[in-house]
Amino acid sequence: MYNLLISIAGSLVVTLLVGFLVGGGELQIVYGIVPGLIVLGAVYIILARRSMKAVQDVMARAQVDLQANRIDRGIETIKEAYPIGKWQFFITSQVDGQIGTVLYMSQRFDEAEPFLKRSFKRNWVARAMLGTLLYKRKRYDEMEKVFEEAVIANKKESLLWNLYAYCMWKSGQRDKAIKVLNRAVEKLEGDQRTESNLKALQNNRKMKMRGWNLMWYQFHLDRPPAQRQQAQFRRR
């Protein structure tokens with residue numbers, strides 16, 4: 001927000017100044033419009049980049065704690081980026097998405113939900129986690145709405161489309177899941193995993209999601225191979 005206001009103020013100053021100078025001491029604002037617009041765009045880009053650089057620096061520091069499994073400390077570091085949201089649009093929702101993702105991956109689902117709800121619509125991982133969480137809680141209408149918004153904003157993310165269909169299928173809505181994947185293959189021409197899952201559902205077989213490896217397992221809908229082996233060993 002502040003970045004835009006500063007850019008507008010700079011643009012107005014340049015517009016008026018050029019209008020006076022070119023107008024020979026009389027305000028001829030038409031002469032200052034183009035220079036003013038150039039200043040508006042240039043200043044906004046510079047300030048927006050500065051804000052994003054500040055966010056990246058915060059996230060880099062948080063990553064050190066997260067990689068060391070100091071989850072709460074890492075989240076507190078991420079929260080240091082919130083004040084930057086006053087300067088640049090969408091940063092607050094991006095920070096919410098990052099926190100919600102960390103909490104979800106840590107299986108702290110109740111804590112993650114409010115952050116995921118406020119996440120940026122184009123952060124498809126955070127939105128997919130919210131949809132998956134709603135699926136786990138059997139809030140299927142809300143789940144469908146969240147996934148629908150997510151695929152509209154992120155048309156080229158194959159795992160997102162397949163997660164949407166998977167949650168539909170597992171909630172007993174196979175026909176809807178097939179419709180989702182039919183839409184997906186139109187957007188993801190040549191995506192073999194999506195086409196394979198569509199054929200599987202059409203033939204009343206199971207979807208296969210493990211081909212996405214760690215990207216799939218982060219949604220906690222399946223156990224990674226090592227965890228499955230450990231569980232089998234304990235049962236034996």
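Here are some notes:
- Degrees separating the helix 140-153 axis from the principal Cα axis of the chain, which is the longest one: 50 degrees
- Probe 1.4 Å, accessible area per residue of the stretch 1-84, Å²: 64 Å²
- With contacts taken as Cα pairs under 8 Å at a separation of at least 6 residues, the chain carries a relative contact order of 10 percent.
- Rounded, prolate or oblate (a/c below 1.5 giving rounded, otherwise prolate when a/b exceeds b/c) for the stretch 46-145 by Cα gyration tensor: oblate
- Given +1 at the Cβ of Lys and Arg, -1 at the Cβ of Asp and Glu and no other charges, the dipole of the chain around its Cα centre is 1500 debye to the nearest 20.
- Proximal charge balance of residue 94 [Cβ under 11 Å; K/R count +1, D/E count -1]: +2
- Residue list for the stretch 79-117, given a label point 7 angstrom along the Cα-to-Cβ vector of residue 53 and an amide N cut-off under 18 Å: 81, 84-85, 87-89
- Annotation for the stretch 99-172 versus the stretch 2-50: alpha-carbon center distance of 43 Å.
- Order of exposure, largest accessible area first, which applies to 90, 219, 20 with probe 1.4 Å: 90, 20, 219
- If R0 is taken as 35 Å, the Cβ-Cβ distance between residue 31 and residue 153 corresponds to a FRET efficiency of 0.30.
- The chain, accessible surface, carbon-and-sulfur percent (1.4 angstrom probe): 56 percent
- Seen against the Cα atoms of the chain and their longest principal axis, helix 158-170 is set at about 40 degrees.
- Computed on the Cα trace of the chain, the radius of gyration divided by the Kirkwood hydrodynamic radius gives Rg/Rh = 1.15.
- When the Gaussian network model of the chain links Cα atoms closer than 10 Å, the mean-square fluctuations of 121, 79, 176 top out at 176.
- Spin-label pair residue 137-residue 121: with each label point 7 Å from Cα along the Cα-Cβ axis, the two points sit 2.2 nm from one another.
- Applying the criteria of a DSSP loop state and at most 15 other Cβ atoms within 10 Å to the GluC sites (Glu not before Pro) of the stretch 127-236 yields 189.
- Probe 1.4 Å - accessible area at residue 26, Å² to nearest ten: 120 Å²
- Mean residue ellipticity, 222 nm, helices only, the chain: the sum of -39500 (n - 2.57) across DSSP H runs of n ≥ 4, divided by residue count and rounded to 500, is -23000 deg cm²/dmol.
- Of all aspartates and glutamates in the structure, the ones whose alpha carbon falls short of 18 Å from that of residue 155, not counting any fewer than 8 places away in one chain, are 144, 186, 189, 191, 195.
- With 32 Å as the limit on Cα-Cα distance, the pairs of 53/179; 86/170; 136/199; 53/136; 86/145 that go past it are 53/179; 86/170; 53/136.
- Degrees between helix 174-187 axis and first principal axis of the chain (Cα, 0 to 90, nearest 10): 50 degrees
The values are calculated or read from the model by the stated rules, or taken from the named source; none is laboratory data. Everything quoted here is computed from the prediction, not taken from an experiment. Because the Cβ atoms are built from the backbone with ideal geometry, glycine has one as well, and the counts that use them run over all protein chains shown. Calculation scope for accessible area: heavy atoms of the full protein, side chains included, ligands and nucleic acids excluded. Shrake-Rupley method; radii C 1.70, N 1.55, O 1.52, S 1.80 Å.
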